[in-house]
1. Any chance you could run the full-extension gain for residue 209 through residue 177? It's 0.36 nm times the residue separation minus the Cα-Cα distance, nm to one decimal.
2. Between residue 235 and residue 122, what length in nm is gained on full extension when 0.36 nm per residue of separation is reduced by their alpha carbon distance?
3. Can you tell me, using C-alpha contacts under 8 Å and at least 6 residues apart, the relative contact order of the stretch 209-264 as a whole percent?
4. For Cα pairs less than 8 Å apart in space and 6+ apart in sequence, what is the mean separation divided by the residue count of the stretch 184-277, i.e. the relative contact order in percent?
5. Non-local amide H neighbours of residue 231 (under 5 Å, H modeled in plane, Pro and chain starts lacking H): which ones?
6. Whole-Hz ³J(HN,Hα) for each residue in the stretch 47-58, computed from phi via Karplus 6.51 cos²θ - 1.76 cosθ + 1.60 with θ = phi - 60°, x for glycine and proline: what do you get?
7. Using a Förster radius of 56 Å, what is the FRET efficiency between residue 95 and residue 269 based on their Cβ-Cβ separation? Nearest 0.05, please.
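Every read-out reported here was derived from the displayed coordinates using simple, explicitly stated rules and does not represent laboratory data. Predicted, not measured: the structure shown is a model, and the values here were computed from it. Reconstructed Cβ throughout: ideal geometry from the backbone, glycine too, with neighbour counts over all protein chains shown.
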Amino acid sequence: MALLGTDPLDELVVPDGTHVQEHDLVAAGDVIVASQSAVEFGVRGENVIAGERVDFGGDIEAEGDCRLDTWCDVDGNVLVEADAYLGERVHIGGELRVAGNLDIGDDVQIDEGFEANGWIVIRNPMPTIVFLFIYLSQLLRIGEDDAAEELLAEVTDTGDRDHQPVLIPRGSRVGDDAWRVSTPGRIGDNCRLHGNIRAESLVVGRDTELFGSLRAREGITVGSGTEVTGNVTTREGTVRIGPGTTIRGDVAGGFVEVHREADVEGAIRASEEMSMVSEPVLDDAVVGGTSAGSTAGDDAGTAASEAGEPTDDPEGGAEGDETREPTERESDDAPNDAVENEGGSDGTDGDADDDIDESTGGETDEDADSQTDEDVDGESDEDADSQTDGDVDDDFEEGETDGDTDEKAIEDLIDTVPNPPGASDSGEDPETG
């Protein structure tokens, strides 16, 4: 028979830096506990949210808001630095102190009284998802589309969150003796937990201290530098132990992979195969983000690309080399090309003109070049012909072109002009003679 209430969370998540102290679970971010769960110690975090029928065995201290759904039971005090929301039939065994507003439902029992600095409203608090749905529908109805988008982005955006929340799935039992969940579990880096951990599968981060054993139905992975005071066992999965890990107990599983630098003080039993490895068992961060190694590698690659150094990408390096080499050759060969163009022949000029014509592709430029070339070639041919033929051909051509009329006029003019002193009697022109 399925339990009534909201859907359970899909896994147990303990973010980086979470510590279990003597009586409290201390988290840097939010603490979210699903319905039908029991937390045998107190809770301290940013915002504390609990579903239906959640039992707390200690005090609740919230730096932000605190929301307790119906039928929740708190064995100690509840201290809230912002607003508090209490559903129907919530029981608080100690005192309730709220620095902000208090929204309280029916039949709420507070053994040692309460104090609120803000407004106190006695009613049944509306569920958060229903409130958001009604609020967004009203904004859209009055035409405030931009305000609705901003509200939805603010509610769903988790990129600016400084710390990941602690997530305890539905039906879990969390205490100093044991952590029992029916879902997969992830424990971050630099954590300190007490109690035996039971889950469907487990992944433990780096430099974490666990005072208890680890047991899972599927695989178990323990990161580098982690100390486990207890056994690490799985029924049919794979157990992977990272470098620098210390296991003060036995290791058992279907397949067991132990790093060469790991320390296992107990026995190692594998029903299928046992192997020694030399590679890390974790590549990325267990809870959100990427590992320090991958981040450092990305930063190094970015710096190398900005400095113009070759990277590990073969395609990128090849493109960079091809881009730089023609530039160097063009800068080196530019003076030589200029000298060749200055001392080149007509054929060289023709090739240069052809290159210019092909790059521009304009019909007007082609016509202008052809006309210029024809004029230059014509003048050079005429000069060459005049030098080779001599004055005789020129006189002959002039004689043929002048005609008989011009000759008679010249003879008449010569007859009328007297001979200058010293001229011969033959009547020859002294200029031609």
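1. The residue 209-residue 177 span can extend by a further 10.0 nm.
2. Stretched out fully, the residue 235 to residue 122 stretch lengthens by 35.5 nm.
3. Normalised by residue count, the contact order of the stretch 209-264 is 32 percent.
4. 19
5. 213, 214, 250
6. Once rounded to whole Hz, the list reads 10, 10, 10, 10, x, 6, 6, 9, 10, 10, x, x.
7. 0.60
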